[in-house]
1. Using each residue's phi in region 77-87, evaluate 6.51 cos²θ - 1.76 cosθ + 1.60 at θ = phi - 60° and report the 3J(HN,Hα) Karplus result to the nearest Hz, with x for Gly and Pro.
2. For LEU58, LEU133, what's the largest-to-smallest order of accessible area, 1.4 Å probe?
3. For ALA85, what residues show an amide H to amide H distance below 5 Å, using hydrogens built from the backbone and excluding near sequence neighbours?
4. Straight-line reach only, C-alpha to C-alpha below 12 angstrom: list the aspartates and glutamates that LYS124 could link to, leaving out same-chain residues fewer than 8 apart.
5. Can you give me the % of accessible surface on region 48-155 that is carbon or sulfur? Probe 1.4 Å, all protein chains present, nothing else counted.
6. With the cut-off at 1.5 for a/c, could you classify region 56-112 from its C-alpha gyration tensor as rounded, prolate or oblate?
7. Hey, can you find the accessible area per residue of region 51-136 for me, probe 1.4 Å, expressed in square angstrom?
8. Which trypsin sites (Lys or Arg not before Pro) does region 105-148 hold that lie in a coil by DSSP with at most 15 other beta carbons within 10 Å?
Amino acid sequence: MGAFTHTPNTLLQSSISFMQKRPVSSLSENKLLIDTYETGPLGGVLTAFEYDEHTAWLVVACDMPFVNTATFDFLIHHRSPEHIATAFKNPLTQLPEPLLSIWEPTSYYFLKEAYQNGQRSPLKILHNTDSHLIDCPDEHWLWNANTVEEFTQMANILAQCK
């Protein structure tokens, strides 16, 4: 399995991870990518593709505290390079989760076109294109903290798990 790194964008709204074929011990060699778009997660993904448009990018939001190695293993195992992206399907909404997904190189065209047309929602892009949605075996993986209350609740849950 490849090594994972994540680099927060300048707004700290999302993290970009990418798979590479170097051993984990060489993580310090990775470059920090600065989001030049500053338009949220879509800008972070576009920045990654501008760095290397031939790489599939594993994207993880920085506010998903229950994501773990099993999450990555499951996502990678179910990856479908024939689609523009592989994403978990939210069991509550049945919609794709764009911030826990693998974006294939073929998605760069769609992302760039959407950005140029004023579209800023990776969710809408996944919903309107040929993406591969997978059922999420653990709904906790998709939990995120968007408010102080949600952050406190998740911190308490994590503290109980220790």
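The values are calculated or read from the model by the stated rules, or taken from the named source; none is laboratory data. Everything numeric in this text was worked out from a predicted model, so none of it was measured. Because the Cβ atoms are built from the backbone with ideal geometry, glycine has one as well, and the counts that use them run over all protein chains shown. The area values use the complete protein model at the heavy-atom level, side chains included, leaving out ligands, DNA and RNA. Shrake-Rupley method; radii C 1.70, N 1.55, O 1.52, S 1.80 Å.
1. 4, 9, 4, 10, x, 6, 9, 6, 7, 10, 9
2. Values: LEU58 0, LEU133 65 Å².
From most accessible down to least: LEU133, LEU58.
3. Result for ALA85 returns GLU104, HIS132.
4. Hits, sequence-local ones excluded: GLU97.
5. On the way: 2970 of 5660 Å².
Result for region 48-155: 52 percent of the exposed heavy-atom area is carbon or sulfur.
6. Working: a/c = 1.61, a/b = 1.43, b/c = 1.13.
It is prolate, given that a/c is not under 1.5 and a/b is the larger ratio.
7. Details: 4240 Å² over 86 residues.
Averaged over the residues of region 51-136, the accessible area is 49 Å².
8. Filter output for region 105-148: ARG120.
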